[in-house]
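Beneath this line is the structure, given in C-alpha coordinates, with notes to follow.
The values are calculated or read from the model by the stated rules, or taken from the named source; none is laboratory data. Model, not experiment: these values are computed from the prediction. Cβ atoms come from the backbone with ideal geometry, glycine included; neighbour counts cover every protein chain shown.
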Amino acid sequence: MTYIIDVKTKFSPAPAGRLPIHGPDNGQRFRKEILLKALRKHDHVTVDFSGIATVGASFLNEAIAGLVWHDGFSEEEVRRHLTLTIPSDPSRVETAWAWVARAEEKRLEGVRPKGRRGNQISSLRHASA
(Lines give C-alpha, C1' and ligand atoms only; values in the text may rest on other atoms or scores of the structure.)
Protein backbone atom coordinates (compact mmCIF):
# COMPACT_ATOMS: atom_id res chain seq x y z
CA MET A 1 0.00 0.00 0.00
CA THR A 2 1.24 3.49 -0.86
CA TYR A 3 1.69 6.09 1.83
CA ILE A 4 1.24 9.64 0.58
CA ILE A 5 3.17 12.55 2.02
CA ASP A 6 1.24 15.71 1.18
CA VAL A 7 4.18 18.08 1.57
CA LYS A 8 1.98 21.17 1.88
CA THR A 9 0.04 19.85 4.87
CA LYS A 10 2.53 17.43 6.47
CA PHE A 11 5.64 19.58 6.17
CA SER A 12 5.38 23.10 4.75
CA PRO A 13 3.48 25.09 2.11
CA ALA A 14 6.83 26.61 1.13
CA PRO A 15 9.65 24.04 1.33
CA ALA A 16 12.96 25.62 0.44
CA GLY A 17 16.71 25.29 0.83
CA ARG A 18 19.07 22.42 1.31
CA LEU A 19 20.19 22.70 4.95
CA PRO A 20 19.04 24.20 8.26
CA ILE A 21 21.13 27.31 7.59
CA HIS A 22 18.80 27.94 4.63
CA GLY A 23 15.68 28.00 6.79
CA PRO A 24 13.45 25.70 8.83
CA ASP A 25 11.64 24.05 5.91
CA ASN A 26 14.76 22.67 4.24
CA GLY A 27 15.36 19.45 2.31
CA GLN A 28 17.57 17.86 4.95
CA ARG A 29 14.90 18.27 7.62
CA PHE A 30 12.21 16.90 5.30
CA ARG A 31 14.35 13.87 4.45
CA LYS A 32 15.31 13.12 8.05
CA GLU A 33 12.07 13.89 9.85
CA ILE A 34 9.42 12.94 7.29
CA LEU A 35 10.69 10.95 4.30
CA LEU A 36 13.04 8.49 6.02
CA LYS A 37 10.44 7.62 8.65
CA ALA A 38 7.84 6.99 5.96
CA LEU A 39 10.21 4.84 3.88
CA ARG A 40 11.11 2.73 6.92
CA LYS A 41 7.47 2.16 7.78
CA HIS A 42 5.86 1.75 4.33
CA ASP A 43 6.78 -0.27 1.24
CA HIS A 44 5.97 2.59 -1.11
CA VAL A 45 5.83 6.34 -0.53
CA THR A 46 4.51 9.08 -2.79
CA VAL A 47 5.80 12.57 -2.11
CA ASP A 48 3.10 14.92 -3.38
CA PHE A 49 3.97 18.58 -3.93
CA SER A 50 0.44 19.54 -5.04
CA GLY A 51 -0.49 23.09 -4.12
CA ILE A 52 3.13 24.23 -3.89
CA ALA A 53 4.00 26.87 -6.47
CA THR A 54 7.73 26.19 -6.67
CA VAL A 55 9.83 23.24 -5.56
CA GLY A 56 13.38 24.51 -5.29
CA ALA A 57 16.28 22.57 -6.72
CA SER A 58 18.29 22.62 -3.50
CA PHE A 59 15.39 21.31 -1.45
CA LEU A 60 14.62 18.54 -3.91
CA ASN A 61 18.24 17.56 -4.36
CA GLU A 62 18.90 17.25 -0.63
CA ALA A 63 15.61 15.53 0.13
CA ILE A 64 15.68 12.95 -2.66
CA ALA A 65 19.28 12.45 -3.85
CA GLY A 66 20.28 12.76 -0.20
CA LEU A 67 18.75 9.32 0.33
CA VAL A 68 21.65 7.96 -1.73
CA TRP A 69 24.34 10.37 -0.54
CA HIS A 70 23.63 10.25 3.15
CA ASP A 71 21.29 7.40 4.04
CA GLY A 72 22.65 4.34 2.27
CA PHE A 73 19.88 3.83 -0.28
CA SER A 74 20.74 2.69 -3.77
CA GLU A 75 19.22 4.32 -6.83
CA GLU A 76 17.20 1.15 -7.44
CA GLU A 77 15.77 1.24 -3.92
CA VAL A 78 14.79 4.89 -4.19
CA ARG A 79 13.10 4.33 -7.55
CA ARG A 80 11.31 1.20 -6.34
CA HIS A 81 9.98 2.69 -3.12
CA LEU A 82 9.40 6.35 -3.99
CA THR A 83 7.18 8.28 -6.37
CA LEU A 84 7.31 12.04 -6.81
CA THR A 85 4.40 14.22 -7.91
CA ILE A 86 5.16 17.85 -8.76
CA PRO A 87 2.16 19.30 -10.63
CA SER A 88 3.58 22.85 -10.75
CA ASP A 89 6.64 21.64 -12.71
CA PRO A 90 6.53 17.97 -13.78
CA SER A 91 9.99 18.26 -15.35
CA ARG A 92 11.39 18.52 -11.81
CA VAL A 93 10.56 14.85 -11.31
CA GLU A 94 12.90 13.87 -14.15
CA THR A 95 15.52 16.25 -12.77
CA ALA A 96 15.27 14.66 -9.32
CA TRP A 97 15.76 11.18 -10.81
CA ALA A 98 18.80 12.45 -12.71
CA TRP A 99 20.27 13.68 -9.41
CA VAL A 100 19.58 10.31 -7.80
CA ALA A 101 21.31 8.53 -10.70
CA ARG A 102 24.30 10.87 -10.49
CA ALA A 103 24.53 10.44 -6.71
CA GLU A 104 24.53 6.66 -7.26
CA GLU A 105 27.35 6.95 -9.82
CA LYS A 106 29.42 9.02 -7.43
CA ARG A 107 28.67 6.71 -4.50
CA LEU A 108 29.79 3.69 -6.52
CA GLU A 109 32.98 5.57 -7.48
CA GLY A 110 33.64 6.07 -3.77
CA VAL A 111 33.09 9.82 -3.88
CA ARG A 112 31.69 11.21 -0.64
CA PRO A 113 29.80 14.48 -0.30
CA LYS A 114 31.91 17.53 0.43
CA GLY A 115 31.41 19.68 3.51
CA ARG A 116 27.81 20.29 4.43
CA ARG A 117 28.01 24.00 3.68
CA GLY A 118 28.91 23.48 0.04
CA ASN A 119 26.84 22.28 -2.87
CA GLN A 120 28.08 18.74 -2.54
CA ILE A 121 26.24 17.56 -5.62
CA SER A 122 25.69 20.82 -7.45
CA SER A 123 27.21 19.28 -10.58
CA LEU A 124 24.03 17.22 -10.82
CA ARG A 125 22.12 20.34 -11.84
CA HIS A 126 24.31 20.62 -14.90
CA ALA A 127 24.04 16.92 -15.69
CA SER A 128 20.28 17.20 -16.05
CA ALA A 129 20.29 20.34 -18.20
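Residues that are outside any loop (DSSP other than H, G, I, E, B) and more than 21 Å from residue 71 (Cα to Cα) within region 3-47 comprise 6, 8, 9, 10, listed in sequence order. Only residues that are of a type outside the set (A, V, I, L, M) and in contact with a Leu (Cβ under 9 Å, 6 or more places away or on another chain) were counted in region 76-105, giving 7.
For residue 66, indicate whether it is modelled with pLDDT of 95 or more and within 26 Å of residue 24 (Cα to Cα). Steps first, answer last, please.
Numbers: modelled with pLDDT of 95 or more: yes; within 26 Å of residue 24 (Cα to Cα): yes.
It is true that residue 66 is modelled with pLDDT of 95 or more and within 26 Å of residue 24 (Cα to Cα).
Scanning region 59-79 for residues being more than 18 Å from residue 111 (Cα to Cα), more than 9 Å from the chain's Cα centre (by Cα) and touching a residue at least 24 places away in the same chain (Cβ under 8 Å) gives a total of 0.
Can you name every residue in region 1-51 that is of a type in the set (Ser, Thr, Tyr) and either modelled with pLDDT under 95 or closer than 22 Å to residue 79 by Cβ (or both)? Steps first, answer last, please.
Here is the first cut: in region 1-51, the ones of a type in the set (Ser, Thr, Tyr) are 2-3, 9, 12, 46, 50.
Those that are of a type in the set (Ser, Thr, Tyr) and either modelled with pLDDT under 95 or closer than 22 Å to residue 79 by Cβ (or both): 2, 3, 46, 50.
Determine, yes or no, whether residue 104 is at pLDDT 95 or above, more than 22 Å from residue 4 (Cα to Cα), in contact with a helix residue (DSSP H, G or I) (Cβ under 8 Å, 6 or more places away or on another chain) and not in a loop (DSSP other than H, G, I, E, B). For residue 104, the condition - at pLDDT 95 or above, more than 22 Å from residue 4 (Cα to Cα), in contact with a helix residue (DSSP H, G or I) (Cβ under 8 Å, 6 or more places away or on another chain) and not in a loop (DSSP other than H, G, I, E, B) - is met. Residue count for region 33-49 satisfying the condition of being under 13 Å from the mean Cα position of the chain (by Cα) and surrounded by 15 or more Cβ atoms within 10 Å (Cβ to Cβ): 9.
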